[in-house]
1. Listed residues B:214, B:172, B:139; which is on the phi < 0 side of the Ramachandran plot and more than 18 Å from the chain's Cα centre (by Cα)?
2. For the stretch A:1-47, how many residues meet the condition of being within 14 Å of chain B (Cβ to nearest Cβ) and either assigned to a helix (DSSP H, G or I) or under 22 Å from the mean Cα position of the chain (by Cα) (or both)?
3. Does any residue of the stretch B:160-177 turn out to be more than 16 Å from ligand 2 (Cβ to nearest atom), touching a residue at least 60 places away in the same chain (Cβ under 8 Å), closer than 17 Å to residue B:41 by Cβ and out of contact with any strand residue (DSSP E or B) (no Cβ under 8 Å at 6 or more places or on another chain)?
4. Could you tell me whether residue B:24 is surrounded by fewer than 17 Cβ atoms within 10 Å (Cβ to Cβ) and free of Cβ contacts under 8 Å to residues at least 24 places away in the same chain?
5. So, of the residues in the stretch B:234-251 that are closer than 15 Å to residue B:209 by Cα and in contact (Cβ under 8 Å) with a residue 40 or more places away in the chain, which turns out to be farthest from the other protein chains (Cβ to nearest Cβ)?
6. Would a scan of the stretch B:18-35 turn up a residue that is closer than 29 Å to residue B:240 by Cα, within 14 Å of chain A (Cβ to nearest Cβ) and within 16 Å of ligand 1 (Cβ to nearest atom)?
7. Specify the residue that is farthest from the other protein chains (Cβ to nearest Cβ); the eligible residues are those in the stretch B:48-73 that are within 16 Å of ligand 2 (Cβ to nearest atom) and surrounded by 21 or more Cβ atoms within 10 Å (Cβ to Cβ).
Ligand SMILES: Nc1ncnc2c1ncn2[C@@H]1O[C@H](COP(=O)(O)OP(=O)(O)OP(=O)(O)O)[C@@H](O)[C@H]1O
Ligand SMILES: [Mg+2]
């Protein structure tokens, strides 16, 4: 097999950038929830400020992809790999935005006691963060089985979301003064649910890169 | 979609060396079909079987069937002269005759019996316009063709090919000796020509095959590995060997 040193080298640089961005996003999910559960306003402000870093990485990766397409003119599997990365960095960037939004809720709660201890929301956040990491790992390692497994795991997140919904609505039914916090917690859970959806998009990109289609089952 | 060539179980031997193996393929009318594959895989050989140019080579043996407009071109009574008129060829290196531009174009029609001066004039103008060369050369029609640039010479060769009113144009790496500007002129031309003609083009330039062709056929070691719509071949080929070749992993 003839080597393709230049092409492989540039692809590995872009892949490394993708991993770096994934690391930042995964951390943002965990820290956003940490700021919320620990009512840590300073941490929340950091998350809001650091989102720019994620945005910049997205731009820089897209720029590298563009230059790669222009100079290397990849085809078939290589082309699909690049198209997928361009799509995935968008998804990761959106996840970053959701984390920023969650951090903003922390600030809104700054001077309020929580009406209940947060249990399911951190669990949901942990699941979503793992999904994002595993989705990218599956892509980078070309692991179809893992991609499909993570894609499936979204059902559990949805299930948890429904439980949270039922619980919060039940609490409002009992005591209408809890409506304000309930709605905010529900919004936070909805952000996490979206994050898990983005992880499934990433899984779909892995299947697309490897198989050329979007058949997940 | 009209099938122009139907190729079935085609084998070709140069002496004892088998250069084409069990080739089955359809070539569609008014479409551009690109042939790709590593050097020595049999692309040029295959192209030449379509107008029986291989007949001129010593020791060639051909088996199988090639039908052109549903007629077996290797059949006993098939008129080869007529075949070569209908199936023209353009080569890698522009090869105009060492004559004037005008004479290059009227050469074919004259051989086929056209004598009328005004008809010949008309053919010259018509074909040069078809290859977008008329404006560039109309004032020097009686100057030597070899004085033209490489890209102009290649367009002249295409015009010469068109002058005998073929139905099919076979092109063997027609732009490999040309710069990007001349190349893109020829590529632009191909698209227009496909409205009237069927084109089969050999190219080593994957991007070119992607840009100009409707169908692409991948050859390897004398076999056709895969033929499909060009967009499929270059985005998601079915065969691993095709993928490895077009992504530069071998060849
Ligand atoms: N006249 C000939 N006599 C003997 N062998 C030949 C002859 N012409 C071609 N071959 C052999 O047949 C095989 C196919 O050659 P062909 O020229 O068709 O390849 P190709 O795909 O057009 O290659 P390239 O991309 O380099 O033009 C090669 O192994 C070549 O050496
Ligand atoms: Mg050749």
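1. Residue meeting the stated conditions: B:139.
2. The total comes to 7.
3. no
4. The answer is no for residue B:24.
5. So the residue we want is B:245.
6. Checking the stretch B:18-35: at least one residue is closer than 29 Å to residue B:240 by Cα, within 14 Å of chain A (Cβ to nearest Cβ) and within 16 Å of ligand 1 (Cβ to nearest atom).
7. B:51
This table checks each residue for (1) within 16 Å of ligand 1 (Cβ to nearest atom); (2) at pLDDT below 95; (3) over 18 Å from residue B:90 (Cβ atoms); (4) more than 14 Å from every other protein chain (Cβ to nearest Cβ).
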| position | (1), (2), (3), (4) |
| --- | --- |
| B:138 | no, no, yes, yes |
| B:145 | no, no, no, yes |
| B:150 | no, yes, no, yes |
| B:172 | yes, no, no, yes |
| B:183 | no, yes, no, yes |
| B:187 | no, yes, no, yes |
| B:192 | no, yes, no, yes |
| B:198 | no, no, no, yes |
| B:218 | yes, no, yes, no |
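The values are calculated or read from the model by the stated rules, or taken from the named source; none is laboratory data. Everything quoted here is computed from the prediction, not taken from an experiment. When we count neighbours, we look across all protein chains shown, and the Cβ atoms used for this are built from the backbone with ideal geometry, even at glycine.
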